[in-house]
1. Please give the strands (runs of 3 or more DSSP E) falling wholly within region 362-458 in which 2 or more residues are of a type outside the set (Gly, Ala, Ser) and touching a Lys or Arg at 6+ places or on another chain (Cβ under 8 Å).
2. Please indicate, with yes or no, whether at least one residue in region 363-377 is surrounded by 16 or more Cβ atoms within 10 Å (Cβ to Cβ), of a type in the set (S, T, N, Q), assigned by TED's automatic domain parsing to the domain that holds Phe463 and in contact (Cβ under 8 Å) with a residue 60 or more places away in the chain.
3. Please state which one of Thr161, Thr175 is within 29 Å of Thr361 (Cα to Cα), part of a helix (DSSP H, G or I), in contact with a strand residue (DSSP E or B) (Cβ under 7 Å, 6 or more places away or on another chain) and not acidic (Asp, Glu).
4. Tell me which residues, restricted to region 162-213, are acidic (Asp, Glu) and on the phi < 0 side of the Ramachandran plot.
5. List pairs: first in region 389-406 and under 12 Å from His358 (Cα atoms), second of a type in the set (A, V, I, L, M, F, W, C) and surrounded by 19 or more Cβ atoms within 10 Å (Cβ to Cβ), Cβ under 7 Å, 6+ apart or cross-chain?
6. What residue, among those in region 253-298 that are farther than 22 Å from Tyr369 by Cβ and aromatic (Phe, Trp, Tyr), is farthest from the chain's Cα centre (by Cα)?
7. Can you tell me which of Ser393, Ser419, Ser426, Ser402 is exposed (fewer than 15 other Cβ atoms within 10 Å of the Cβ), of a type in the set (Ser, Thr, Tyr) and farther than 30 Å from Pro319 by Cα?
8. How many residues does region 240-287 contain that are of a type in the set (Gly, Ala, Ser) and in contact with a helix residue (DSSP H, G or I) (Cβ under 7 Å, 6 or more places away or on another chain)?
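The values are calculated or read from the model by the stated rules, or taken from the named source; none is laboratory data. Predicted, not measured: the structure shown is a model, and the values here were computed from it. When we count neighbours, we look across all protein chains shown, and the Cβ atoms used for this are built from the backbone with ideal geometry, even at glycine.
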Amino acid sequence: MNIKSLSKLGMIISVISIVGMITGCELTDILKSDKKAERIEADTDDDENDEDKKKDKESANDTAATEESDKSSETTASEETNNTGELEELTEKELQSIEDDLNDVKFNGFMTAEFDSVENIWWDDVLYNGAGIKDQKIDRETVMNEYLKTYDEEELYTDLTYISSENLEKYVEFTTGKEYSSMNHPIEWTYLDDLDVYVSQHGDTNYTRIKCLSGTKEGSHYIIEYVLGGFDDSEYEPEPNETKYELVMDKTDDGYRFISNLWKPEEGQEAAIKEIYDGIIEKYANAVSERQDAETLRSNNLSEQCANIYSNAGASGNPMNVIGYYLTDIDGDGIDELLIGANNDKYTDMIYDAYSIHRGTWTRIFMSYDDTKYYLSKDGTIYCEISYDDGNSITHYKIDGSYKFTTPIDNVVHRGKGSEEKWLYSDKGFYNDDKAEAITKDEYNAYQKKARGSYLKFRYVTFSEFMYR
């Protein structure tokens with residue numbers, strides 16, 4: 001084979017390689033094809049050279065056409081989803097349309113709770129008013145009768161909201177694109193197994209009207225800045241220090257898929273929380289420094305337990321060196337709760353007052369009184385011991401929802417004397433004789449011992465340390 005023939009062979013192999021890249025065929029497959037040369041002759045004439053050049057040109061044209069087709073397909077897909085990558089300010093008309101949607105009961109539940117991810121949505125809050133879901137398969141009377149039967153009640157005294165398992169799963173997927181089973185905070189309503197529905201009895205509402213201030217979109221991805229309140233004036237201008245929130249969501253053909261909804265203070269959330277808590281601590285420190293009595297403390301919405309420290313024989317010194325605060329994240333949501341209490345070397349004392357942050361402001365979790373004392377357990381739950389004229393009780397609570405409600409897990413009660421003495425246990429909500437079951441004195445004492453063995457003792461930062469930091 002001469003040099004000219006070798007050159008010719010190299011050119012043919014190059015063409016075959018290009019075709020291979022376009023078709024996905026291996027080089028050996030192409031060589032075996034009856035559409036290609038089965039062997040290369042040592043001597044070729046000018047016609048063969050022309051034919052090879054023609055094939056090279058056609059192959060190049062095919063490659064260019066394929067690349068152009070791919071670009072065209074990408075452009076079409078981009079136009080269909082509007083994912084242009086360009087950030088656009090929402091028009092007043094767009095913003096008003098979104099505001100109307102978010103103030104509708106169908107989506108308003110998402111405005112009531114803060115969440116930093118889809119999985120951390122509090123569904124008790126979102127579905128509190130039912131989200132406008134009407135179950136056509138099960139009528140309200142059937143659900144009501146089954147609910148009353150479950151709790152051995154004769155009638156309802158408040159509203160009843162219910163949703164089937166099927167509709168619950170559909171709504172979660174419709175508004176998040178995720179499965180309900182992947183959620184960290186599922187609803188904790190009463191489940192009626194025979195009807196396969198979840199039921200909640202309540203007499204209030206958490207409906208929260210909002211006002212959209214501004215927004216941007218990038219394709220179907222929207223970021224909305226809004227404030228809370230019943231604003232009807234389209235010319236409304238928020239105050240400089242008004243709490244603002246940021247909602248992130250994707251717009252779909254028939255609704256929205258929510259991603260996050262967070263309080264967004266200008267100075268940053270950490271600094272804003274510190275400012276809120278410092279205000280509470282300072283108010284307490286001033287009250288203790290002035291030695292306000294129990295009545296004055298109550299009128300100032302502060303725990304009367306601080307006044308007990310002034311009169312205790314063991315606290316003859318400065319109460320500012322005894323009473324103080326402690327910060328700890330009780331429920332693991334990334335936001336510290338604020339506890340007010342007193343340092344005690346002898347025993348684990350009650351927590352006087354407890355606060356958390358909800359939607360840019362403080363919310364009280366609980367407050368202790370002389371006959372009602374709260375303690376934090378090692379597992380982040382709460383115990384409340386109450387004293388009565390004829391007995392006492394211990395109720396075990398957990399913190400629920402973005403509002404930080406205390407929801408009872410179970411409780412024990414000791415009531416009466418002599419022949420009327422009884423010990424009861426219930427895991428059906430707040431204490432009620434009709435819902436409780438009789439237990440023995442030993443079982444009551446065992447519950448009490450286990451509870452008290454879990455109480456946490458804190459080293460509070462004293463108000464003196466706070467004031468002179």
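1. 382-388, 405-415, 422-426
2. Checking region 363-377: at least one residue is surrounded by 16 or more Cβ atoms within 10 Å (Cβ to Cβ), of a type in the set (S, T, N, Q), assigned by TED's automatic domain parsing to the domain that holds Phe463 and in contact (Cβ under 8 Å) with a residue 60 or more places away in the chain.
3. Thr175
4. Step one: of region 162-213, the residues acidic (Asp, Glu) are 166, 169, 173, 179, 188, 193-194, 196, 204.
Hits for region 162-213 are Glu166, Glu169, Glu173, Glu179, Glu188, Asp193, Asp194, Asp204.
5. Matching pairs, first to second residue: Gly401/Trp122; Ser402/Ala113; Ser402/Trp122; Lys404/Ile365.
6. The initial filter retains those residues of region 253-298 that are farther than 22 Å from Tyr369 by Cβ, namely 253-279, 282, 289.
From what is left, the residues that are aromatic (Phe, Trp, Tyr) are 256, 258, 263, 277.
Values: Tyr256: 17, Phe258: 11, Trp263: 12, Tyr277: 22 Å.
So the residue we want is Tyr277.
7. On the way: Ser393 fails: exposed (fewer than 15 other Cβ atoms within 10 Å of the Cβ); Ser426 fails: exposed (fewer than 15 other Cβ atoms within 10 Å of the Cβ); Ser402 fails: exposed (fewer than 15 other Cβ atoms within 10 Å of the Cβ).
After ruling out the rest, the residue left standing is Ser419.
8. Number satisfying all stated conditions: 3.
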